[in-house]
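First up is the structure itself, then whatever we jot down about it.
Since every read-out is calculated from the coordinates, none of them should be taken as a lab result. Being a predicted model, the structure only gives us computed values, none of them experimental. Please note: Cβ atoms are built from the backbone with ideal geometry, for glycine as well, and neighbour counts cover all protein chains shown.
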Amino acid sequence: MSSILLHDIGRLVTPLSQHKDDSARPLLTIERAAVWLENGAFKQVGTSADLLHSVPSNIERISAGGKMMLPGFVDCHAHPLFIGNRAHEFFLRNRGASYQEIAAAGGGIHATAERIARACEHHIVREALPRFERSLEFGVTTIEVKSGYGLTWEGELKLLHSMRELKPLLPQRMSRTFLVHVVPSSWQDRRKLFVESVIEEMIPEVAGRRMADCIDVFCEEGAFTVDESRRILRAAQDERLDVTIHANQFGHSGGALLAAELGARSADHLEYLNDDEIAALLQAEVPAVALPACVFFMGTIPYPPLRKMIDAGLRVALATDMNLGTAMTESIPFCMTAAAIYGKMSANELLWAVTLDPARILNLDAVTGSIEAGKSADFSLWNLPELETLPYFFGHAVAEEVWVAGEHVFESQAVVHRY
Ligand SMILES: [Zn+2]
C-alpha cells in the first residue's frame, strides 16, 4: 500500500464535482495546501498545517517546495497518430496555396494516409510516443486519441491496434475514438459503398472488439454530409458507443444541429455558430469543444464565439486538436491563452474547460478532472504563483512535475526562476 503526504503546496486550485450550481465555474483555492495520496488516489485534501498534524507520522512526507498544484489537464480532442510532419505544407498554405496545389506538392490528408499505409504499427507507435511525452510536459494526464489518418479500414485498423500497443507504454490515461475522417482516395467513385462499409463492417467490429469508446465523424463540405454522418453515428449509437462530431469548422455545415439531434457527447470546432445552433446545443445539453490552437495555426477561420456560447449557458471545453495539418501542438496552456484573448474567458472558466468539463465529456469525471478525495491522484505542479499566470506567460508554460494515479511520471529539467 503506497501512501504519501505531499505538503508545502504554495496554492492548490481545483474545480469540485459536487458544486450544486457550477454555472459560475467556482474554484476551490487552498493556500499552503497538502494532499494525502494513497493507492494512487487522493485520500485527503486540506491545508499543510492540518494534514501535517493529522496524517500518521509513519507516512512518507514530500515537500512540493511551494509550487502551485492544478488537476491534471484532460485533452479531449487530439489526433496524435500519424507519420512525419507537414511543415512544408504549412508554409505553402500561409502563402495562399490551394488544396490542389498542396496535394500536388505531396501534402494533405491523403498523403498522410499513404504514409500510414506503408508503415507498420511499431513505426506509428515510435513516432507517437514523443508527442505523448510533450503532452505530459504541458500537464496533460488524460488524452483522447483519435484514429482517422488511415482512412481505409486497413489503415484505420493499424491505428486502432497502435492505440492498444501504446496504452501500456503511456503514463497518461487514454480515451480512444474511431474517427471517420474523409472518403479514402481509392473509394472516391464508390462513396456510397464506403459509407455502407463503415456502417456494416467497421463500426460493428470496433464495437465488438472494443477498439474504441466513441465514434467521431468529420461533418463538413468535402468530408461527410449531414445525412451520411447521421447514418454513421446512429449505427454507432445502436452499438452503444458514444458519438461526437467535427462540426461547423468551415461553415454552418449542419454538424452542430446534428450533434444536438443525436445527443452527442460533444460538438467540436464550432468556428461558425449562430444563435439557433447555440440554442439547439443548449437545449440538448450537448457541450462544445473549442480548438483555438487550430484556429490560430490555420489563420483563415474565425475563433468560435466563446463568450457568447458561455454566456448563453453552454459548457465549453478546450482541447489541442493536436494534428500534423492544422494544429501541430500538444500545449493545453497555449489553448488557454488563445481562449483568454479571443474568447474573453476568465481564469476560472479556463481551468474548468481543461479539467472537469472535458473529463465529463469523456465520461471520466468520476475518476479524474479535479483534486478531490476518492479521485485518481492526477495533478501537475507549476513554478507559478497563481492560476492567472499560467495563460499569461504564454508559449513557455511547462509543468514542473506531473503525477498520474499517484505516480510521479514527469519532472522538468528546465532552468527556472520564481516569478
Ligand atoms: Zn480534430
- Task: Could you rank the peptides 117-125, 93-101 by their average count of other C-beta atoms within 10 Å per residue, with the highest value first?
- Result: 117-125, 93-101
- So, over other residues within a Cβ distance under 14 Å of Arg95, counting Lys, Arg +1 and Asp, Glu -1, the net charge is -1
- Query: Fewest first, what order do Lys167, Lys146 take by the number of other Cβ atoms within 10 Å?
  - Reply: Lys167, Lys146
- Using r as the Cβ-Cβ distance of Ser412 and Glu388, and R0 as 25 Å, what FRET efficiency do you calculate, to the nearest 0.05? 0.75
- Roughly how many debye, to the nearest 20, is the charge dipole of the chain about its Cα centre, given +1 on each Lys and Arg Cβ, -1 on each Asp and Glu Cβ, and no other charges? 460 debye
- Of 355-367, 385-397, ordering from highest average Cβ density within 10 Å down gives 355-367, 385-397
- Query: Listed here are the pairs Lys167/Lys192; Lys67/Lys308; Lys158/Lys192; Lys67/Lys375; which of them are more than 32 Å apart at the Cα?
  - Reply: Lys167/Lys192; Lys67/Lys308
- Starting from the Cα of Asp238, step 7 Å along the direction of its Cβ; do the same at Asn94; then give the gap between the two resulting points in nm. 4.8 nm
- Message: Which of the three applies to segment 73-361, rounded, prolate or oblate, going by the alpha-carbon gyration tensor with a ≥ b ≥ c and a/c under 1.5 meaning rounded?
- Response: rounded
- For segment 55-64, Karplus-derived ³J(HN,Hα) couplings (6.51, -1.76, 1.60; θ = phi - 60°; whole Hz; x for glycine and proline) come out as 6, x, 6, 7, 7, 4, 10, 10, 8, 8
- Could you please report the charge total around Asp242, scoring K, R as +1 and D, E as -1 over all other residues with beta-carbon less than 10 angstrom from its beta-carbon? 0
- Task: Give the long-range amide H neighbours of Val289: residues separated by 5 or more places, or on another chain, with amide H under 5 Å away, using H modelled in the peptide plane at 1.01 Å from N.
- Result: Ala267, Asp268, His269, Ala317
- Task: Sort 105-114, 329-338, 70-79 for me by packing, meaning the mean count of neighbouring Cβ atoms within 10 Å per residue, highest on top.
- Result: 70-79, 329-338, 105-114
- Sum up the charges of everything whose Cβ sits under 10 Å from the Cβ of Pro204, counting Lys and Arg as +1 and Asp and Glu as -1, but leave Pro204 out. -4
